[in-house]
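Right, one structure below, let's go through it.
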Amino acid sequence: MADTPLWRDLRQPFVIADFAGITLTTTQKMLWTPGAGNPMGNFPANYWTVGKTVKLSMLTKWTSGTAGNITFGMAYGAADAAAPNVVSATHAAVASVGPFLVYAEGYAICRSTGTAGTLSMCGMVFFPIDLMLSTVGMNMGFPSAGGTVVSTIDTTVGTNGLFFQASRSAGTDTVTPVWVGIEALN
């Protein structure tokens, strides 16, 4: 069952204004503020149960900077480059263009619970042709090898959230989420 008797729940809080822009770096960076200031809220302690599936969706304005490569992924935690994360293969991007609308969708499935629980994460990000070199394609799956169980998580604490994350080899892109939704699917 979802978090309420409804078939699918869009978890609160709801996005009512664009988030602050994030400038990417050469390491994975959360695309909105992690930790206690997380505008999407963190999951409460003992929220995760075996088989619990949560969908994370995002629309963002993406402006590229200096030429370089992009990686994109999803993480669970309270800081940039959190240990439980999945990342796409590297794709070459077009320099100094945008902003363009980018859509990302990811899924987190709890495989086990407790202080050493496990979470499987996977998804896709869809870039417009104007932002990615046509020779590398615009759609990027993460992880690049398919959905696998990743690092352990502590399901007994209430200080972690789900995030999209990205990096840019030149570290100059600006990403501004305009909508983020977190849905409990069961």
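Computed from the coordinates by the stated procedures, all read-outs in this text should not be read as laboratory data. Keep in mind that this is a model prediction, so the values were computed, not measured. Virtual Cβ from ideal backbone geometry, glycine too; neighbours counted across all protein chains shown.
Measuring r between the beta carbons of Phe14 and Thr90 and using R0 = 30 Å, the FRET efficiency lands at 0.35. Between Ala36 and Ser134, what is the FRET efficiency for a Förster distance of 41 Å, r being their Cβ-Cβ separation, to the nearest 0.05? The value I calculate is 0.45. Bridging of Lys55 to aspartates and glutamates at a Cα separation below 18 Å is possible for Asp3, Asp9, Glu105, Glu183, once same-chain residues fewer than 8 apart are set aside.
By count of other Cβ within 10 Å, fewest leading, how are Arg11, Arg168, Arg111 ordered?
In increasing order of surrounding Cβ atoms, one gets Arg111, Arg11, Arg168.
For Val175, Val180, Val50, the sequence from fewest to most other C-beta atoms within 10 Å is Val50, Val180, Val175. Computed from phi, the 3J(HN,Hα) profile of segment 154-163 under the Karplus parametrisation 6.51, -1.76, 1.60 (θ = phi - 60°) reads 9, 7, 8, 10, x, 10, 10, x, 8, 9 Hz, with x in place of Gly and Pro. Taking other C-beta atoms within 10 angstrom as a stand-in for reagent exposure, Val178, Val86 fall in the order Val178, Val86, fewest first. Taking the alpha-carbon distance from Lys29 and a cut-off under 18 Å, which lysines remain once sequence neighbours fewer than 8 residues away in the same chain are dropped? Within the straight-line limit of under 18 Å, Lys29 reaches these lysines: Lys61.
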